[in-house]
Amino acid sequence: MEFLSLTEFTHYVTAVYTLVTIGVLGLTGYILINSQKQRARLRRLQANKAINK
Amino acid sequence: MFGLANPTKFMRFSGILLPYLIITTLGLFGWGLYMVFTAPEDYLQGPLSRILYVHAPSAYLAQAAYVFMALANFTGYIWRHPLADMAAKNAAPIGATFALLTIITGMLWGKPAWGTWWVWDARLTSVFILFIMYLGYIAIWQVIEDQVKAARVATIVAAVGLINIPIIKFSVEWWNTLHQPASLTTSGSAIHPSMLTALLIMFAAFTFLFTSLLFISIRTEINRRRARAMEMRILQQNIAQTNLSTRAAINNQEPD
Amino acid sequence: MKPLLALFKRDISLFFRSGGGAGQAIGFYLVVVILFPFGVGPELNLLARISIGVLWVVLLLAILLSAERIFADDLEDGSLTLLLTAGPLPEMVILVKLLAHWVSIALPLLVITPLLGLLLNLPAGGLWPLVLCMFIGSLGLCALATIGASILVSIRRANQIISLLILPLYIPTLIFGVSATTDLTFQLDQPYTALLILTAISLISLIIAPFAAAQALKANA
């Protein structure tokens with residue numbers, strides 16, 4: 001096994017933290033967007049119901 | 001605990017708790033990351049040891065989420081607890097994401113440490129299989145439309161998976177030692193106390209992240225079901241009204 | 001006992017009389033095994049090295065890809081509901097269907113394994129260990145396939161999802177099946193350890209499968 005230099009090691013560490021950040025933020029974003037969508041849908045329905053009454 | 005079976009109670013309870021959960025998660029991540037980048041580096045691996053702080057918690061979360069998911073499914077199956085089913089359903093994508101992150105960080109660690117992106121190492125292989133099991137579980141919820149039925153079927157999938165996880169781990173380790181010697185062990189280097197603290201904080205941060213995301217997902221699921229129920233009611237009213245007006249129209253025509 | 005025996009005979013004759021019969025299973029094995037030398041090259045040493053693994057994978061695929069058939073036809077014509085509600089315990093009915101599927105799919109492969117072994121240059125003395133281990137392993141594989149089939153019984157064209165679902169469960173059998181065959185063929189230190197574990201995995205699968213499948217069919221009903 002050839003030994004890599006310290007800077008190359010740092011690149012891998014940066015890549016890991018970047019990818020984990022993207023993964024976590026992506027999942028969080030997906031969950032939050034879904035949450036907003038359903039809340040908006042429910043609110044719209046409730047508003048319609050109030051008008052119809 | 002059982003009071004939470006009521007979705008309205010859960011919405012109220014989780015609405016109060018959620019801001020605190022999110023603040024705790026963010027605080028733990030800030031503290032943990034600060035500790036990670038000030039902790040001393042491992043003598044052997046240098047900067048690479050910093051990968052451990054996200055790799056290990058992801059791996060733990062990927063496995064813990066599966067166990068949680070199966071337990072939630074059991075609760076739903078035995079006590080007909082709809083919230084438990086929702087918890088199981090929504091834990092799966094989170095667990096799958098962390099299984100994937102474990103694989104990716106493992107590969108990025110393997111390249112500089114072992115000299116190759118992928119080795120069929122026992123642990124990497126087990127996590128890979130766990131990821132496939134998550135995909136199968138998520139597929140069940142997507143292909144079976146009736147959610148009550150899907151929950152019951154998903155319980156069987158989770159239960160069979162849970163029984164098999166130890167068997168799979170054992171066999172993969174057997175197979176691995178049969179085909180190749182252990183690639184690299186870091187057990188020689190003892191963990192420095194400040195590294196351990198940083199690692200424990202990261203474990204806590206990931207656990208709180210999972211809990212927050214799960215709470216938000218379950219709230220979304222409850223809202224979705226409520227909206228769906230309202231839409232169905234409106235649809236039924238519309239149909240009833242249309243029926244009435246058609247009948248009226250037919251009655252009006254009759255004198256001809 | 002008598003109704004179960006009748007069901008066993010019915011399932012086997014239904015399988016062999018619809019769509020090509022035993023020829024279909026054997027044809028599948030032949031095609032896959034013949035394709036391998038073209039893929040990896042005709043070198044006999046290489047073929048001898050991979051032959052045991054290839055034959056195991058082919059067996060596994062055959063069982064995986066035919067899993068859907070265990071319940072699909074019976075569900076379509078309504079006989080599945082009858083079988084599960086009238087007469088013997090549902091678990092027993094499922095066990096019988098599982099064994100019938102094993103006879104239809106796995107047994108043909110065991111029968112033509114000598115020929116396939118010749119084609120792949122199977123190591124000398126490897127035939128009997130292979131047939132024995134496949135005999136034991138395939139029972140477990142069929143049991144797991146039954147669980148997959150019962151879980152997705154109400155979904156049309158579910159084969160790919162069944163594969164995804166069952167694949168992780170097949171890995172232990174594959175590992176210990178290949179390992180037991182190799183140990184017995186080359187008479188390594190403790191040739192029976194892997195075989196015993198393989199038998200244990202198959203027996204556990206055979207015990208769990210009828211109960212899990214009965215629950216799944218009930219949930220799907």
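The values are calculated or read from the model by the stated rules, or taken from the named source; none is laboratory data. Nothing here was measured: the structure is a model prediction, and the numbers come from that model. Don't worry about glycine lacking a Cβ; one is built from the backbone with ideal geometry, like all the others, and counts go over all protein chains shown.
The residue of the stretch C:104-150 that is surrounded by the most Cβ atoms within 10 Å (Cβ to Cβ), among those that are within 14 Å of another protein chain (Cβ to nearest Cβ) and among the β-branched types (Val, Ile, Thr), is C:146. When we screen B:107, B:133 for residues that are at pLDDT 85 or above, in a helix (DSSP H, G or I) and under 22 Å from residue A:17 (Cβ atoms), the only hit is B:107.
Scanning the stretch B:52-88 for residues that are at the interface with chain A (Cβ under 10 Å from one of its Cβ atoms) and surrounded by 24 or more Cβ atoms within 10 Å (Cβ to Cβ) returns B:53, B:54, B:57, B:58. Considering each residue of the stretch B:62-69 in turn, at least one proves to be closer than 20 Å to residue B:222 by Cα and in a helix (DSSP H, G or I). Residues that are more than 21 Å from the chain's Cα centre (by Cα) number at least 3 in the following helices (runs of 4 or more DSSP H) confined to the stretch C:1-90: C:2-17, C:22-40, C:44-65, C:79-85.
Looking only at residues in the stretch C:180-208 that are without any contact (Cβ under 8 Å) to a residue 60 or more places away in the chain and touching a Cys at 6+ places or on another chain (Cβ under 9 Å), the one that is farthest from the other protein chains (Cβ to nearest Cβ) is C:184. Scanning the stretch B:89-109 for residues that are at the interface with another protein chain (Cβ under 10 Å from one of its Cβ atoms) and free of Cβ contacts under 8 Å to residues at least 40 places away in the same chain returns B:97, B:100, B:104, B:107. With the structure loaded, tell me whether residue C:67 is at pLDDT 80 or above and either of a type in the set (S, T, N, Q) or surrounded by 21 or more Cβ atoms within 10 Å (Cβ to Cβ) (or both) or whether it fails that test. Yes, satisfied.
When residue C:153 is tested against (1) buried (at least 20 other Cβ atoms within 10 Å of the Cβ); (2) more than 10 Å from every other protein chain (Cβ to nearest Cβ), exactly one condition is not met: (2). Can you pull out every residue in the stretch B:206-256 that is of a type in the set (A, V, I, L, M, F, W, C) and either in contact with a His (Cβ under 9 Å, 6 or more places away or on another chain) or touching a residue at least 12 places away in the same chain (Cβ under 8 Å) (or both)? Passing the criteria: B:206, B:208, B:209, B:210, B:213, B:214, B:215, B:216, B:218, B:222.
This table checks each residue for (1) facing another protein chain (nearest Cβ under 7 Å); (2) under 19 Å from residue B:51 (Cβ atoms).
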residue: B:119; (1), (2): no, yes
residue: B:126; (1), (2): no, yes
residue: B:129; (1), (2): yes, no
residue: B:135; (1), (2): yes, no
residue: B:145; (1), (2): no, no
residue: B:151; (1), (2): no, no
residue: B:162; (1), (2): no, no
residue: B:169; (1), (2): no, no
